[in-house]
Amino acid sequence: MFPMEELTFQRIRDGLESGEITSHQLVMNYMERVARIDKSGPCLNSVIERNPDALYIAEAMDRERKKGKIRSSLHGIPVFIKDNINTADSMHTSAGSLALADNFAPYDAAIAEKLRAAGVIIMGKTNMTELANFMSYTMKNGYSSRGGQVINPYNPEGDVWGSSSGSAVAVSANLCAAAIGTETDGSIIWPSHLNSIVGIKPTRGLVSRYGIIPICTARDIAGPMARTVADAAEFLNILVGEDERDPSTWCRADEIPEDYTSFLDKNGLSGLKLGINRGYFEEFTDSQKVIAEKAISVLDSQGAVLTDGIHMPHLRCDSSVLLYEFQLCLNAYLATCTTTKCHTLKGMIDFYGDHPKEGLKYGMTILQDAQYNTSGTCTDAKYLLDRLGALRISQKDGLDKILDENNLDILVSPGITDSSPISGYPSIIVPAGYDDENMPFGITFIGRPFTEPLLIKAAYAFEQAMQARKAPVWDL
């Protein structure tokens, strides 16, 4: 029996190449785990829809392999993607919303195109906080009216955080080889933090946003979620690249290395100048502080040059930017949809108003604010000033200033940081341990734009020294 827990890309690849396992068998085995863990047993509820063609695609990838056609290093490997990513197939793209439950996307998202070209099997879609947690100010993390509540695999009473909660839980529970999440305000990093996985939030412009249900062009980005830094780096190889449909990606070829896995180095921390951000320490419990201090000592023991005592607190400087862009961005996306009844934000509000019992468990105050308290044209004076101010506060007067004044290569935040999504700079989170309530805790590495190679180098070295991740356990 091929062991399914904690499979790495390399282990799967070895099994496929040797004939020990086939892609078809892999999908079958993952489907069984979804049945036993996600839809029964602990009922994690991380998968919102299964691709009915997944087994056929797997068989085709097996046939190609037998004929010597290998599309990429991830040929025939099954993954999940978030439910706000377009796939022009038999699956819906709803962002967890009942208002979009009839949306069959007429085109693939750019990253879905890349996955298919690489021979990656899109096994299904993951549940998420509805509309990427931009529906209600009181929405519970991991809840959607279409998919229900996602459950933390380590503590059923614990938070799953961030809208990519389904992707994080599916990866952590070994329901797939890896997954894709999206982030506007921490929705890759936060769920990875609380579900003990590795998440990479790429530099804005590294990965195309085309075909993803949007919140805000200023902040949206997709990225890989995996159980190891090596797998996240290899998955990132597939996702990056210029896309003529997304101006943020134009003229980026010189900033993309040939292979992110070439930066995996067990000694990668040696000599790196790291700043330790203690801006969130007062929020930690005693057991979380113990994990954080142990992680810092590991960084030190691996030869990093530490500057302790950096204080970069939470940034809350651009919530209005998301609100003012939402109506315009969402309406532009909905205009491309051909099967859904809702073609505007106003149409969605009307739908929810007609279905309050099914769709409004937590209300729709954000939707109403975006529709009725903004122009929908991004010409509002407050929006324009806040957009410019947020960039200045998070970049020039924020991360740039801290990195430059302290002569740092990387800023390290035990726990999470919201400076990365606001600035558009890259970050990687790596598991560091588990607190007294068995809730995971991670360490985030943040760098300058397009320094993913440096972050991967540091994160991998830390991961290898820390060896913190452990799979969740259930009495099935």
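The values are calculated or read from the model by the stated rules, or taken from the named source; none is laboratory data. Source: prediction; values computed, not measured. Backbone-built Cβ (ideal geometry, glycine too); neighbour counts: all protein chains shown.
Here Tyr107 meets the list (1) buried (at least 20 other Cβ atoms within 10 Å of the Cβ); (2) more than 21 Å from the chain's Cα centre (by Cα) almost entirely, failing just condition (1).
Among the residues of the range 297-326, write down those that are polar (S, T, N, Q) and either surrounded by fewer than 16 Cβ atoms within 10 Å (Cβ to Cβ) or closer than 20 Å to Tyr425 by Cβ (or both). Explain how you work it out, then say what you get.
Pass one, the range 297-326, residues polar (S, T, N, Q): 297, 301-302, 307, 319-320.
Residues satisfying the conditions are Ser297, Ser301, Thr307, Ser319.
Among the residues of the range 327-343, those identified as touching a Ser or Thr at 6+ places or on another chain (Cβ under 7 Å) and either exposed (fewer than 14 other Cβ atoms within 10 Å of the Cβ) or hydrophobic (A, V, I, L, M, F, W, C) (or both) are Leu328, Cys329, Leu334.
What number of residues within the range 65-78 are in contact (Cβ under 8 Å) with a residue 40 or more places away in the chain and either in contact with a Pro (Cβ under 9 Å, 6 or more places away or on another chain) or not in a strand (DSSP E or B) (or both)?
Adding up the residues that qualify gives 9.
Within the range 232-249, being under 24 Å from Ala471 (Cβ atoms) and either out of contact with any Ser or Thr (no Cβ under 6 Å at 6 or more places or on another chain) or surrounded by fewer than 22 Cβ atoms within 10 Å (Cβ to Cβ) (or both) holds for Ala232, Phe235, Leu236. Taking the criterion of being in a helix (DSSP H, G or I) and under 19 Å from Cys216 (Cα atoms), the residues of the range 348-375 that qualify are Met348, Ile349, Thr365, Ile366, Leu367, Gln368, Asp369, Ala370, Gln371, Tyr372.
Would it be correct to say that Ser270 is more than 30 Å from Arg116 (Cβ to Cβ) and either among the charged types (D, E, K, R) or surrounded by fewer than 22 Cβ atoms within 10 Å (Cβ to Cβ) (or both)? Judged against the criteria, Ser270 is a match. Can you spot a residue in the range 189-203 that is within 14 Å of Tyr425 (Cα to Cα) and over 11 Å from the mean Cα position of the chain (by Cα)? Checked the range 189-203: at least one residue is within 14 Å of Tyr425 (Cα to Cα) and over 11 Å from the mean Cα position of the chain (by Cα).
Only residues that are closer than 30 Å to Gly158 by Cα and part of a loop (DSSP other than H, G, I, E, B): list them for the range 12-64, please. Matches in the range 12-64: Lys39, Ser40, Gly41, Pro42, Cys43, Leu44, Asn45, Ser46, Asn51. Of all residues assigned to the range 298-306, at least one qualifies as being touching a Lys or Arg at 6+ places or on another chain (Cβ under 6 Å) and farther than 27 Å from Asn86 by Cβ. Screening Met4 with (1) over 20 Å from Lys125 (Cα atoms); (2) assigned to a loop (DSSP other than H, G, I, E, B) gives one miss only, at (1). The residues of the range 121-142 that are among the hydroxyl-bearing types (Ser, Thr, Tyr) and under 16 Å from the mean Cα position of the chain (by Cα), listed by number, are Thr126, Thr129.
Once the range 430-476 is narrowed to residues that are touching a helix residue (DSSP H, G or I) at 6+ places or on another chain (Cβ under 7 Å), more than 20 Å from Ile402 (Cα to Cα) and charged (D, E, K, R), the residue that is surrounded by the fewest Cβ atoms within 10 Å (Cβ to Cβ) is Asp436. When restricted to residues that are within 18 Å of Ala118 (Cβ to Cβ) and either surrounded by fewer than 24 Cβ atoms within 10 Å (Cβ to Cβ) or in contact with a Phe, Trp or Tyr (Cβ under 8 Å, 6 or more places away or on another chain) (or both), the range 213-231 contains 4.
Just the residues that are in a helix (DSSP H, G or I), at pLDDT 95 or above and either of a type in the set (Gly, Ala, Ser) or over 18 Å from the mean Cα position of the chain (by Cα) (or both), please, taken from the range 214-262. Residues satisfying the conditions are Ala230, Ala232, Ala233, Pro247, Ser248, Thr249, Thr261, Ser262. For the range 409-462, a residue qualifies if it is touching a Leu at 6+ places or on another chain (Cβ under 9 Å), outside any loop (DSSP other than H, G, I, E, B) and of a type in the set (Val, Ile, Thr), and the qualifying residues are Ile410, Val412, Ile422, Ile428, Ile443, Thr444, Ile446, Ile456. Within the range 13-39, restricting attention to residues that are of a type in the set (Gly, Ala, Ser) and either in contact with a Cys (Cβ under 9 Å, 6 or more places away or on another chain) or free of Cβ contacts under 8 Å to residues at least 24 places away in the same chain (or both), the residue that is farthest from Asp231 (Cα to Cα) is Ala35.
Determine if the range 112-119 includes at least one residue that is in a helix (DSSP H, G or I) and under 15 Å from the mean Cα position of the chain (by Cα). Within the range 112-119, one or more residues are in a helix (DSSP H, G or I) and under 15 Å from the mean Cα position of the chain (by Cα).
For the range 106-135, the set of residues classified as among the small types (Gly, Ala, Ser) and within 28 Å of Ser73 (Cα to Cα) consists of Ala109, Ala110, Ala112, Ala117, Ala118, Gly119, Gly124, listed by residue number.
Just checking, which of Lys341, Lys273 is basic (Lys, Arg), out of contact with any Pro (no Cβ under 8 Å at 6 or more places or on another chain) and under 30 Å from Cys378 (Cβ atoms)? Explain how you work it out, then say what you get.
Values: Lys273 fails: under 30 Å from Cys378 (Cβ atoms).
Testing whether each residue is basic (Lys, Arg), out of contact with any Pro (no Cβ under 8 Å at 6 or more places or on another chain) and under 30 Å from Cys378 (Cβ atoms) leaves just Lys341.
Only one of these is without any contact (Cβ under 8 Å) to a residue 60 or more places away in the chain and of a type in the set (A, V, I, L, M): Ile296, Ile310, Ile349, Ile291. Name it. Testing whether each residue is without any contact (Cβ under 8 Å) to a residue 60 or more places away in the chain and of a type in the set (A, V, I, L, M) leaves just Ile349.
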